[in-house]
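Following: one structure in structure tokens, then a few remarks.
The values are calculated or read from the model by the stated rules, or taken from the named source; none is laboratory data. On a predicted model such as this, the values are computed, not experimentally measured, just so you know. All Cβ positions, even for glycine, are placed from backbone atoms using ideal geometry, and neighbour counts span all protein chains on display.
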Amino acid sequence: MDYKIALIPGDGIGPEIVREAKKILDKVCLIYGHSFTYKELLLGGASIDRHGVPLTDETIADAKASDAVLMGSIGGDAKTSPWYQLEPSRRPEAGLLGIRKALNLFANLRPAYLYEELKAACPLKEERIGAGFDMIIVRELTGGLYFGKRETAEKDGVMTAVDTLTYNENEIRRIAVKAFDIAMKRRKKVTSVDKANVLDSSRLWRKVVEEVAKDYPQVTLEHMLVDNCAMQLVHNPGQFDVILTENMFGDILSDEASMVTGSIGMLSSASLNETKFGLYEPSHGSAPDIAGKGIANPIATILSVAMLLRYSLDLDKEADAVEDAVRQVLKDGYRTVDIMSGGCMQVGTVQMGDLIAERIR
Ligand code: IPM
Ligand code: MG
């Protein structure tokens with residue numbers, strides 16, 4: 001089959017990791033007889049440098065015209081990069097939020113899985129890891145604090161900043177349905193995370209999630225307060241199957257979940273709308289401190305390729321092949337520096353890409 005893939009290398013380590021991910025797509029083509037047509041799009045700092053804005057209509061149109069989008073990362077060092085001299089709505093991150101909204105990518109799936117081979121890189125004690133863990137965070141991506149009205153202004157002579165957290169029941173329902181659908185294909189447990197002891201938006205969240213749960217009698221639903229969830233993730237990560245949560249909580253908890261898998265360099269993500277279309281990106285940022293050094297871990301992006309094959313192109317066999325190749329490379333003892341441990345062989349970004357591509361069967 002012939003597919004159109006939009007590539008957004010972005011900023012920082014983005015171009016390096018997307019180059020390796022493309023290598024994987026090319027190998028999948030070769031072995032499974034598909035053809036991928038690529039188009040590179042600008043977003044974030046790269047777009048600011050060319051067009052003065054972090055997101056253009058052209059990038060949105062090209063993304064929409066593709067079957068799926070693969071992204072690296074956007075953003076730079078807030079202290080030194082000229083992008084951060086611009087007003088907030090013209091900075092790199094505004095481009096990412098803008099494309100998520102423009103493409104209606106309301107469902108962000110972030111799987112956190114502990115590979116047997118990476119147990120040594122997991123910062124938790126053996127007894128906490130237990131039999132390992134395999135969870136997926138379903139994060140609402142187009143609402144909440146990220147998209148509410150914000151303002152910084154002087155009020156009664158005092159500088160005052162306001163951000164607003166809004167959710168309507170329809171936004172909550174559609175992400176809850178996604179989470180329950182996913183749970184049905186897994187261990188059938190949803191942990192809905194909120195702050196219902198304080199926030200109105202969380203109380204509505206809870207109510208709507210409970211309504212949705214009635215359509216899924218086989219799924220066990222539990223509610224957990226976000227502060228407790230942060231604690232439980234390092235106390236007993238094995239208890240989680242599907243974590244359903246709003247935008248900001250999901251941002252924070254997914255970084256935490258990634259770290260217990262050994263490294264944020266391992267966590268892939270898919271951002272989906274109501275159709276098969278999606279934008280796939282590692283959960284980590286652009287890591288400007290290591291950009292250009294050839295040491296970034298490309299695995300989160302390569303696992304995002306597997307998600308792209310599975311969710312947008314329905315190529316399950318090919319997705320399995322990519323995931324198997326990653327598992328095999330870890331089994332064979334290759335590590336980038338972020339997941340390095342004694343007795344393993346340390347490799348750079350390009351080598352890791354080559355080693356995984358070689359293992360695709
Ligand atoms: C993420 C990132 C983004 C977010 C930033 C770059 C705006 O942290 O994808 O998790 O907060 O959503
Ligand atoms: Mg984040």
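General remarks:
- Residue 286 falls short on exactly one of the conditions (1) within 12 Å of ligand 1 (Cβ to nearest atom); (2) surrounded by 20 or more Cβ atoms within 10 Å (Cβ to Cβ); (3) closer than 29 Å to residue 173 by Cβ, and that condition is (3).
- Count of residues meeting criterion [within 24 Å of residue 94 (Cα to Cα) and touching a strand residue (DSSP E or B) at 6+ places or on another chain (Cβ under 7 Å)] in the stretch 172-203: 1
- Residues being surrounded by fewer than 23 Cβ atoms within 10 Å (Cβ to Cβ), more than 23 Å from residue 95 (Cβ to Cβ) and more than 16 Å from ligand 2 (Cβ to nearest atom) - total across the stretch 230-273: 8
- Unique match (being among the hydrophobic types (A, V, I, L, M, F, W, C), farther than 20 Å from residue 26 by Cβ and either surrounded by fewer than 15 Cβ atoms within 10 Å (Cβ to Cβ) or out of contact with any strand residue (DSSP E or B) (no Cβ under 7 Å at 6 or more places or on another chain) (or both)) among 302, 339, 356, 360: 339
- Applying a threshold of 8 Å to beta carbon distances and a minimum spacing of six or more residues, or different chains, the list of pairs starting in the stretch 296-314 at a residue that is under 14 Å from residue 329 (Cα atoms) and part of a loop (DSSP other than H, G, I, E, B) and ending at one that is charged (D, E, K, R) and at pLDDT 95 or above reads 298/16; 298/20.
- Scanning the stretch 60-89 for residues that are out of contact with any helix residue (DSSP H, G or I) (no Cβ under 7 Å at 6 or more places or on another chain) and under 21 Å from residue 104 (Cα atoms) yields a total of 8.
- Filter result for the condition that a residue is within 16 Å of ligand 2 (Cβ to nearest atom) and of a type outside the set (Asp, Glu), over 226, 219: 226
- All helices (runs of 4 or more DSSP H) inside the stretch 30-103 with 1 or more residues being surrounded by fewer than 20 Cβ atoms within 10 Å (Cβ to Cβ) and within 12 Å of ligand 1 (Cβ to nearest atom): 92-102
- When the stretch 274-295 is filtered for residues that are touching a helix residue (DSSP H, G or I) at 6+ places or on another chain (Cβ under 9 Å), assigned to a loop (DSSP other than H, G, I, E, B) and more than 15 Å from ligand 2 (Cβ to nearest atom), the ones remaining, listed by number, are 274, 276, 277, 291, 292, 293, 294, 295.
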